[in-house]
2 protein chains.
Amino acid sequence: MKPKILLFDLFGTLVDVGGVADECERVFPGHGEQLSRVWRDKQLKYTWLRTLMGRYENFERITQHALVAACNDLRLHPDDALKEDLPAAFERLKPFPEVPTALASLASDGFHLGVLSNGTRQQASAVLAQSAFGVPILIFSADDVRLYKPAPGVYAFGVQQVQAEVGEVLFVSANAWDVAGARAFGLSCAWLDRARGSFEELDVTPTIVAHDLDDLVHELRQREA
Amino acid sequence: MKPKILLFDLFGTLVDVGGVADECERVFPGHGEQLSRVWRDKQLKYTWLRTLMGRYENFERITQHALVAACNDLRLHPDDALKEDLPAAFERLKPFPEVPTALASLASDGFHLGVLSNGTRQQASAVLAQSAFGVPILIFSADDVRLYKPAPGVYAFGVQQVQAEVGEVLFVSANAWDVAGARAFGLSCAWLDRARGSFEELDVTPTIVAHDLDDLVHELRQREA
């Protein structure tokens with residue numbers, strides 16, 4: 001079945017979380033890259049652990065907690081203002097270079113576009129607002145089901161919200177574990193292999209592998225032709 | 001309430017997963033430390049992701065998958081025999097130095113001892129057999145409930161198996177996320193802060209913080225006195 005709706009992951013897929021390193025570097029010179037990496041790892045880890053523990057907390061708070069934990073691990077000492085302000089770095093992330101034109105192409109090819117993010121609606125809206133993609137993109141947040149990906153309930157929520165059949169949706173993420181979760185739920189998935197890496201060993205495979213969003217536009221047009 | 005039963009995590013708590021690095025180093029000289037770290041991270045990540053995805057696979061298989069994925073990430077190329085053999089490194093791990101005498105002290109102080117591990121019964125039995133602690137230790141495996149820590153069901157299973165009240169059990173782990181999960185479930189927990197680090201930012205705190213098992217023996221005796 002040809003997909004009618006493309007549901008995108010946001011962080012790392014449409015926008016480059018690498019931008020967090022630059023903000024960290026300004027605050028902790030010489031530690032930006034490492035801090036941003038440990039912070040992002042903690043952020044994801046906390047989404048998984050809290051979902052498993054049945055102790056949901058929204059992504060804004062998790063991002064703050066993960067920053068504190070990352071700084072603890074690296075023996076860095078952010079003051080209270082920084083703990084409050086630095087997490088907004090995730091709302092200031094820039095799109096990957098090809099994303100604006102590729103999204104416009106997908107919209108003109110007739111696809112409906114949506115974002116299904118672990119981030120809160122506020123975070124996702126802020127990111128999309130400043131990216132100013134110029135095409136309509138629906139926003140769905142894991143916050144509405146108080147679970148994080150890859151719990152099946154998050155993907156089920158996305159499909160339900162777009163009022164589509166599972167087969168009409170293509171989920172797109174650069175995060176292999178996210179693609180694995182969506183595949184396990186039953187969605188067709190495109191993995192954006194931005195880092196030219198290997199897929200996770202989780203007994204599922206992506207439906208489509210593309211290097212970036214331009215590559216996916218090309219791939220979908222070929223399938224259509 | 002005074003605990004009657006001590007339930008221990010195994011990997012990283014009673015036995016030192018650092019031993020995996022030595023075996024990796026023999027096979028991939030110059031990469032042992034890094035490979036073992038990436039491998040262990042993947043191993044844990046896969047337990048969490050698979051539990052969230054509802055795609056349980058036992059810890060022996062997960063350990064194999066995680067090795068393949070870690071080697072992929074590091075561009076190392078294990079042959080098939082190695083992929084089969086190296087995971088048994090987790091069954092050859094040695095206890096931390098203080099553990100044998102500390103367990104003997106706890107047994108002589110009247111505590112019943114058990115292990116509640118993500119590992120299969122076969123893996124946990126192999127580890128305990130070669131450690132030869134000389135005190136009776138019950139073995140409970142997450143494999144029996146097909147969920148991994150920190151899912152509450154794993155801790156509930158442990159408590160049920162020892163036929164005790166929640167308040168009669170003290171759970172002991174050096175893995176902060178594991179302590180957090182057991183605390184969220186409702187168990188009293190001792191965190192063995194072996195690395196002198198900070199606890200995870202998950203809105204729960206350990207009941208007891210001890211540096212190692214000797215320190216915990218001392219702490220429990222003080223509380224009794």
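The values are calculated or read from the model by the stated rules, or taken from the named source; none is laboratory data. Only a predicted model underlies this, so the values are computations on that prediction, with no experimental measurement involved. For neighbour counting, all protein chains shown are included, and Cβ atoms are generated from backbone atoms with ideal geometry for every residue, glycine included. Keep in mind that these areas ignore ligands, DNA and RNA; they rest on the heavy atoms of the full protein, side chains included. Shrake-Rupley method; radii C 1.70, N 1.55, O 1.52, S 1.80 Å.
In units of 2.2 N^0.38 Å, what is the alpha-carbon radius of gyration of chain A?
1.00
Could you size up the charge dipole of the protein assembly as shown around its Cα centre, putting +1 on the beta carbon of Lys and Arg and -1 on that of Asp and Glu, and report it in debye to the nearest 20?
620
Just the number please: accessible area per residue for the range B:17-91, 1.4 Å probe, all protein chains included, in Å².
I get 42 Å² per residue for the range B:17-91.
If you scale each eigenvalue of the Cα gyration tensor by 5 and take the root, what three semi-axes come out for the range A:3-42, rounded to whole angstrom and sorted largest first?
Largest first, the range A:3-42 gives 28, 9, 5 Å.
Which value, in square angstrom to the nearest 100, describes the accessible area buried between chains A and B on both sides, using a 1.4 angstrom probe?
Using a 1.4 Å probe, the pair buries roughly 3000 Å².
Between A:Glu33 and the same site in the other copies, what are the distances in nm, shortest first, taking label points 7 Å from Cα along the C-beta direction?
Those separations, rounded to one decimal, come out as 1.8 nm.
Using a 1.4 Å probe over the heavy atoms of the protein chains, calculate the carbon and sulfur portion of the accessible area of the range B:20-140 as a whole percent.
In the range B:20-140, the share of accessible area belonging to carbon and sulfur is 51 percent.
Karplus couplings for the range A:128-136 from phi (6.51 cos²θ - 1.76 cosθ + 1.60, θ = phi - 60°), rounded to Hz, Gly and Pro as x?
Taking θ as phi minus 60°, the curve returns 5, 4, 6, 6, 6, 5, x, 10, x Hz for the range A:128-136.
Using +1 on the beta carbon of Lys and Arg, -1 on that of Asp and Glu, and nothing else charged, what's the dipole of the range B:17-91 about the Cα centre, debye to 20?
So the dipole magnitude of the range B:17-91 works out to roughly 440 debye.
Which of B:Gly134, B:Ser105, B:Phe157 sits farthest toward the positive end of the charge dipole of the range B:96-176, with +1 on the Cβ of Lys and Arg and -1 on the Cβ of Asp and Glu?
B:Phe157
What is the pair-distance distribution P(r) of the range A:140-225, computed from all Cα-Cα distances in 5 Å bins starting at 0, with each bin given as a whole percent?
Values per bin, smallest distances first: 3, 15, 24, 23, 20, 12, 3, 0, 0.
Give the residue from A:Ala89, A:Gly32, A:Gln64 lying farthest towards the positive end of the charge dipole for the range A:17-91; charges sit on Cβ (+1 for Lys and Arg, -1 for Asp and Glu) and the dipole is referred to the Cα centre.
Sorting the options by dipole projection puts first A:Gln64.
Where the eigenvalues come from the Cα gyration tensor of the range A:17-91, what are the semi-axes √(5λ) of the equivalent ellipsoid, largest first, in whole Å?
Here the semi-axes work out to 21, 12, 11 Å.
Rounded to the nearest 500 deg cm²/dmol, what is the calculated helix-only ellipticity per residue at 222 nm for chain B, with -39500 (n - 2.57) per DSSP H run of length n ≥ 4?
Only helices count here, giving -14500 deg cm²/dmol.
Based on a Kirkwood Rh over C-alpha pairs, give the Stokes-Einstein translational diffusion coefficient of the range A:46-123 at 10 °C and viscosity 1.306 mPa s in µm²/s.
105
Treating only the Cβ of Lys, Arg, Asp and Glu as charged (+1, +1, -1, -1), what charge dipole size does the range B:75-225 show about its Cα centre? Round to the nearest 20 debye.
So the magnitude is around 120 debye.
Which whole number gives the average, over all residues in A:179-190, of C-beta atoms from other chains lying within 10 Å of the residue C-beta?
The mean count of partner-chain Cβ atoms within 10 Å per residue comes to 2.
Scan chain B for the residue whose Cβ is closest to the axis carrying it onto chain A, then write down that distance in whole angstrom.
Here the nearest residue and distance are B:Trp48, 2.
Using a 7 Å offset from Cα along the direction of the beta-carbon, what are the separations from B:Thr207 to the same position in each other copy, nm, ascending?
The projected label point of B:Thr207 is separated from its counterparts by 4.9 nm.
Counting pairs on different chains as well as pairs 8 or more places apart, how many Lys pairs in chain B have Cα atoms under 22 Å apart?
Number of lysine pairs found: 6.
Taking the label point as lying 7 angstrom from Cα along the Cα-to-Cβ axis, what are the distances from B:Gly153 to the corresponding position in the remaining copies, in ascending order and in nanometres?
1.4
As an exercise, take the mean of 1/r over every pair of distinct alpha carbons in the protein assembly as shown, invert it, and state the Kirkwood radius in angstroms.
23.3
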